[in-house]
Each structure stands twice: as structure tokens, then as C-alpha cells.
Amino acid sequence: MKVGILQFAPRLGRVDDNREAIAAMLRRRKFDLAILPELATTGYNFADRRQAWEAAEDRKGRSFDFFGELAAAAGGVIVWGMAEKAGRRLYNSAVLTTPNGDHHVYRKTHLFFREKLIFDPGDTGFRVFTWRKVKIGVMICFDWMFPEAARTLALAGCRVLAHPANLVMPYCQAAMVTRSLENRIFCVTANRVGTETNRHGALRFTGRSQLIDPSGVRLLGFTRTEKAFKTVKIDPRLADTKMVNRLNDLFKDRRTDYYRI
Ligand code: ACM
């Protein structure tokens, strides 16, 4: 399975420009799965809900057909972050788009900092989608800080965790090595680069997107500033076994009677 990460610097509120930048980077590339950053079509640092609403799209928005066409041309699935309007609600969402134009939406569960003033908390829960027999799970950025998110997906059979992100703190890349190890899954964090400023302040994004395998090895990595689409071949079957040695099965050894969650 050929998996790619697109790391770039979306421009705040410039949806057409961002789609064009994405198309330029993905055109003529072939992959089975490509993962883009959180809010890839809109940028991140909205001053308020009204500004985010203006950049948001509903299910009739152009981005859905746009990513359907890109996925068809590449012959693979694309997971891309967007601001999603649904009635009067506004979600920080990631869409898994297949080459035949199906769209599966995940709405961010754990909102970070000022996102709480802008978006509604996600209501989809953590879901797994099967593509060419590989179960792919989706979570967004700050969901990393709640180990229950990746665990829920892993227990649902997720082999490859697609993790669109707009990270501003320095801890996630290291934590995702643990998310991979404790669940024995592939974790693919697609972060963004650049700085965005609004009247509340500036945010600098940390780049360093990465793909970690079930034994905690980084198979693909980016620098803090790199803008690129890079791919690596993985064998998702490596996530089938939860054995860490001959006697320890990570899932069967769980002592759920002792967990109060
Ligand atoms: C984040 O959740 N975008 C930090």
C-alpha cells in the first residue's frame, strides 16, 4: 500500500487558492492513500466563527467533487481537512474521499483552545472505513492528546490511522510514536507549516509530518518547513498482530476490570 503525506501552508480563507495548491502537488501522482492537513481547504487561525463560516462548505461544496476527481485520477483515497457547514452547525471535519466519489465525514471530537469558540464539537464518533480490505481510521489533530481516540479506532480494527493536523505544540510527533506502539497500528500525521496571524495573535505550525509503523519506527518524515507530497510503501498486515513478544498480546492482555473510564 502506497501512502502519502501532503505537507503545505494553506492560506487563511483562500479556498480556491488552497485547492489549486493541492492540485498542483497531487497532479499525476499515484497512491493508495493520501493524507492532507486539518482544515487544508481553509486555513486555521480564524478570528471568529463568522470568518470560519464564510470559508466553510456544505455537502454541495465544490471541494467534494474536486477531491473526488483527484482521488479518481490517483486511483486512491484522500483524507482532507475542511470546515463543514451542516444546517446552522459548523464542524472542523476530515473527509475520506474514495476514487468512486464516496465521501465519509469525521467531525473533530476534541476541539483545541479557540476552536471551542468557533466550531461545534464533533458528533460522528470515531469510525473506521474499509478501503481495499484495509481498515482506515480518522482522527484530527488534538484528538491525539486523548489516547482513547486512537484506542477506540484500533479496537474497531483500524490498521492505518489517518491524522490530519495543524499542530502548534511540540509534543504530538513524539506522542504518536506511543499511539502506534500501544495499539500496534500505523499512525500517519499530516501537519501543516507556516504562520497565521489574526487579532488574537499568531500561530506557528510545527510541520514534521510523519508516518510511524506498528513497532514505533518512523518510515516517512518531513522537516519543520518542508512543503511536499512524499510517499512510502507499507504493509498494513503488520498491524494485524497485537503480539509484542511471544506471550504478550496488547489487546488480550488488557485488564478492563481495573480500568475506570
Ligand atoms: C489542533 O488541534 N489543531 C492543535
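Readers should treat all values here as calculations from the given coordinates under stated rules, not as data from a laboratory. Because the structure is a prediction, the values reported are computed rather than measured. Glycine also receives a Cβ, built like all others from the backbone with ideal geometry; neighbour counts cover every protein chain displayed.
Sorted by packing (mean other beta-carbon atoms within 10 Å per residue), highest first, where do 79-88, 57-66 land? Let's see the in-between values first.
Working: 79-88: 21.2, 57-66: 14.7.
So the order, starting with the most tightly packed, is 79-88, 57-66.
I'd like the distance separating the alpha-carbon centroids of the stretch 22-48 and the stretch 205-238, in whole Å.
16 Å
Over the chain, how many pairs of lysines fall under 17 Å by alpha carbon, counting only those 8 or more apart in sequence or from different chains?
Lysine pairs, 8 or more places apart or on different chains, close enough: 15.
If you find the alpha carbon centre of the stretch 106-182 and of the stretch 243-261, how far apart are they in angstrom?
21 Å
Within the stretch 233-250, list the residues whose amide N lies under 15 Å from a label point set 7 Å along Cα→Cβ of Lys30.
In the stretch 233-250, the label zone of Lys30 (backbone N under 15 Å from the point 7 Å along Cα→Cβ) covers 233.
Using 1/(1 + (r/R0)^6) with R0 = 22 angstrom and r between the beta carbons of Ala23 and Thr130, what's the FRET efficiency to the nearest 0.05? Display every interim value, and only then the final one.
Working: r = 27 Å, r/R0 = 1.23.
Taking R0 as 22 Å, the efficiency between Ala23 and Thr130 is 0.20.
Let's see if you can work this out: charge +1 on each Lys and Arg Cβ, -1 on each Asp and Glu Cβ, no other charges. What is the dipole magnitude of the stretch 118-261 about its Cα centre, in debye to the nearest 20?
Here the stretch 118-261 has a charge dipole of around 400 debye.
Evaluate the charge dipole of the stretch 190-261 about its Cα centre and quote only its size in Debye, nearest 20, assuming +1 on the Cβ of each Lys and Arg and -1 on the Cβ of each Asp and Glu.
On the way: 16 positive and 8 negative charges, 45 e Å.
Once rounded to the nearest 20, the dipole reads 220 debye.
Starting from the Cα gyration tensor of the stretch 11-167, take the square roots of the eigenvalues, sort them a ≥ b ≥ c, and report rounded, prolate or oblate (rounded when a/c is under 1.5, otherwise prolate if a/b is larger than b/c, else oblate).
Because a/c hits 1.5 or more and a/b fails to exceed b/c, the stretch 11-167 counts as oblate.
What order, most packed first, do the peptides 102-108, 160-166, 91-97 have when packing is the mean number of other Cβ atoms within 10 Å of each residue? If you can, show how the numbers build up before the last one.
Details: 102-108: 20.1, 160-166: 29.7, 91-97: 26.3.
Final packing ranking: 160-166, 91-97, 102-108.
Among Ala56, Thr130, Phe67, pick out the residue whose Cα is farthest towards the positive end of the charge dipole of the stretch 41-142, where Lys and Arg carry +1 and Asp and Glu carry -1 on C-beta, about the Cα centre.
Thr130
So how far apart, in nm, are the two label points at Lys60 and Met145 if each is 7 Å from Cα heading toward Cβ?
Rounded to a tenth, the inter-label distance reads 3.8 nm.
Using label points projected 7 Å from each Cα along Cα→Cβ, tell me how many nm separate Asp16 and Lys227, to one decimal.
It is 1.9 nm.
By per-residue mean of other Cβ atoms within 10 Å, what is the highest-first order of 186-194, 217-225? Let's see the in-between values first.
Working: 186-194: 25.9, 217-225: 14.4.
Order by mean packing, descending: 186-194, 217-225.
Given only helices, namely DSSP H runs of n ≥ 4 each adding -39500 (n - 2.57), what is the per-residue ellipticity at 222 nm of the chain, to the nearest 500 deg cm²/dmol? Please list the in-between numbers first.
Details: 5 runs with 53 residues, N = 261.
My calculation for the chain gives -6000 deg cm²/dmol from helical runs alone.
Helix 15-26 against the longest principal axis of the chain: what's the angle in degrees, Cα atoms only, rounded to the nearest 10?
For 15-26 against the chain, the angle is about 50 degrees.
Between Asp48 and Ala156, with labels modelled 7 Å along Cα→Cβ, what's the label distance in nm to one decimal, could you check?
Reported label-point gap for Asp48 and Ala156 is 3.5 nm.
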